[in-house]
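What follows is a short report on a single structure.
The values are calculated or read from the model by the stated rules, or taken from the named source; none is laboratory data. Since this is a predicted model, take the numbers as computed values, not measurements. Neighbour counts run over all protein chains shown; Cβ positions are idealised from the backbone, glycine included.
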């Protein structure tokens, strides 16, 4: 087994248009992009609000969110597992071992990243524009949409940080998804399985495909960011 | 106003996407969830037999591969309909505690000891598992233990007990991993380890490892199947689950199991008829 074998495997898999692979890639993208989307829906406004709001204990909240950026995926997975298990509080929803459970676990995992990094970006912007915005009669809270819009190019990096974490993690989706073939098997859980089977060439081949996907997504974000920046002047 | 309309439009689209993302995947067909072991999954047995069952009944079988200890816990919590595992004593306890309806024997394979070809403990070619462990401990040759409360781990601990040894020391390495990762690690150490034969035959990254001890009756590895008790967990799909169990122990299911081969070697031996198994 060598790196060359892995490249050949990866290329063969892509060229042959393997149906199982397409399904796995599709599920990975669906789970990860949904989780990133939900995290942004919550995390961007929450992060901006945290940057502007002043309340007792704010420092503590910031420290907690910063620390949660280091939340181990396996712990996030375990918490969601126990919550969604039939013996857990949300058991009747029958969500364990479904793609939905995986989306929830990844959302839990990456929302703190979005919140913390957004807070940092918006705090800097607010420092820069506070006088100007206040002179226009804007309160801190009403400045949230303006600042999010102004900071959109920096916030793309924030979103990509969340995306990277979600694409790469295996601990959370493995626990709550169960790595069921054709149902909850993603790129990362498939890589873990093939490693366990000792088929290292196939595992690394899948790894190369996953990295290429991440590269494509990032390139897309970069190019569209450039275009938008130019249009915005 | 146009700006506002834009925002509302975008917001609606986003919420729709969120709703779509969160919607549980509604399966048209009936399915059951089976908690099983890494050995059955990683050896490829399920890929071989499940399509036959699904074709016949239209019931989709979703397999979660865990160590036997974790699989039993999954059943205890009601997160699976059927358990397909290999640790008879723990399975019988599971049923006795009322978590399962009944345990039925399905098939067996056996464990083998694998180790580096240069054989530092001098046990190659033997067929006495207990004597081999004694020799390994004596030589303090590296031994990789699953250490994960799986069926294989339990079987290994029983053999150490039979050998009158409480393994400890730098040479005894508890990995806390599944069978495949344990073999990957043992190949690199290199170390002796105990594997079920099915995983070993289908395992591809053997390095210097080869079979050193096999053929001891004490290396027998029996698999059983249990329906999770619907009286404990009312959502358990008892009917479909029982249908799967009935098929596994039927002539057709037993034949499907027996016909699974890798490189001409049969991996599992059906023995549902053997009531004491």
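Going by the structure shown, is residue A:77 within 14 Å of chain B (Cβ to nearest Cβ), touching a helix residue (DSSP H, G or I) at 6+ places or on another chain (Cβ under 6 Å) and within 30 Å of residue B:32 (Cβ to Cβ)? Yes. Among residues of the stretch B:145-189 being outside any helix (DSSP H, G or I) and within 14 Å of chain A (Cβ to nearest Cβ), the one that is nearest to residue B:35 (Cα to Cα) is B:150. Scan the stretch B:53-61 and tell me whether some residue there is at pLDDT 95 or above and under 19 Å from residue B:196 (Cβ atoms). The answer is no, given that none of the residues of the stretch B:53-61 is at pLDDT 95 or above and under 19 Å from residue B:196 (Cβ atoms). Residues that are away from chain B (no Cβ under 11 Å), touching a helix residue (DSSP H, G or I) at 6+ places or on another chain (Cβ under 6 Å) and crowded, with 22+ Cβ neighbours inside 10 Å within the stretch A:184-198 comprise A:186, A:187, A:190, listed in sequence order.
Within the stretch A:95-145, being in a loop (DSSP other than H, G, I, E, B) and either over 24 Å from residue A:33 (Cβ atoms) or away from chain B (no Cβ under 14 Å) (or both) holds for A:136, A:137, A:138, A:139, A:140, A:141, A:142. Checking B:15, B:43, B:39 one by one, the residue that is over 20 Å from residue A:178 (Cβ atoms), surrounded by 11 or more Cβ atoms within 10 Å (Cβ to Cβ) and at pLDDT below 90 is B:15 and no other. Suppose we filter B:225, B:236 for residues that are part of a loop (DSSP other than H, G, I, E, B), closer than 25 Å to residue B:57 by Cα and in contact with a strand residue (DSSP E or B) (Cβ under 7 Å, 6 or more places away or on another chain); which single one remains? Only one candidate passes the filter, namely B:236. For residue B:98, the requirement of being assigned by TED's automatic domain parsing to the domain that holds residue B:228, on the phi > 0 side of the Ramachandran plot and part of a loop (DSSP other than H, G, I, E, B) is met.
The residues of the stretch B:133-144 that are over 30 Å from residue B:64 (Cα atoms) and not in a helix (DSSP H, G or I), listed by number, are B:140, B:141, B:142. Each residue in the stretch B:33-72 was checked for being closer than 12 Å to residue B:244 by Cβ, part of a helix (DSSP H, G or I) and away from every other protein chain (no Cβ under 11 Å), and 5 of them qualify. Taken together, the criteria place residue B:218 among residues that are more than 10 Å from every other protein chain (Cβ to nearest Cβ) and out of contact with any strand residue (DSSP E or B) (no Cβ under 6 Å at 6 or more places or on another chain).
Free of Cβ contacts under 8 Å to residues at least 12 places away in the same chain and within 27 Å of residue A:194 (Cβ to Cβ): does that describe residue A:63? Give the steps one after another, and end with the answer.
Numbers: free of Cβ contacts under 8 Å to residues at least 12 places away in the same chain: yes; within 27 Å of residue A:194 (Cβ to Cβ): no.
In short, no.
Only a single item in (1) away from chain A (no Cβ under 11 Å); (2) buried (at least 18 other Cβ atoms within 10 Å of the Cβ); (3) under 21 Å from residue B:140 (Cα atoms); (4) within 20 Å of the chain's Cα centre (by Cα) is not met by residue B:198, and it is number (3).
Can you pull out every residue in the stretch B:201-218 that is buried (at least 21 other Cβ atoms within 10 Å of the Cβ) and within 18 Å of residue B:155 (Cα to Cα)? Let's see the steps before the verdict.
We begin by selecting, within the stretch B:201-218, every residue buried (at least 21 other Cβ atoms within 10 Å of the Cβ); these are B:203, B:209, B:212-213.
Within the stretch B:201-218, B:212, B:213 qualify.
Matching residues to (1) farther than 20 Å from residue B:268 by Cβ; (2) free of Cβ contacts under 8 Å to residues at least 60 places away in the same chain; (3) surrounded by fewer than 19 Cβ atoms within 10 Å (Cβ to Cβ):
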position: B:94; (1), (2), (3): yes, no, no
position: B:105; (1), (2), (3): no, no, no
position: B:118; (1), (2), (3): yes, no, yes
position: B:122; (1), (2), (3): yes, yes, yes
position: B:128; (1), (2), (3): yes, no, yes
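If you go through the stretch B:66-92 and keep only what is free of Cβ contacts under 8 Å to residues at least 40 places away in the same chain and more than 20 Å from residue B:220 (Cα to Cα), you end up with B:66, B:71, B:72, B:73, B:74, B:76, B:77. Within the stretch A:166-183, the set of residues being more than 12 Å from chain B (Cβ to nearest Cβ) and surrounded by fewer than 22 Cβ atoms within 10 Å (Cβ to Cβ) comprises A:168, A:170, A:171.
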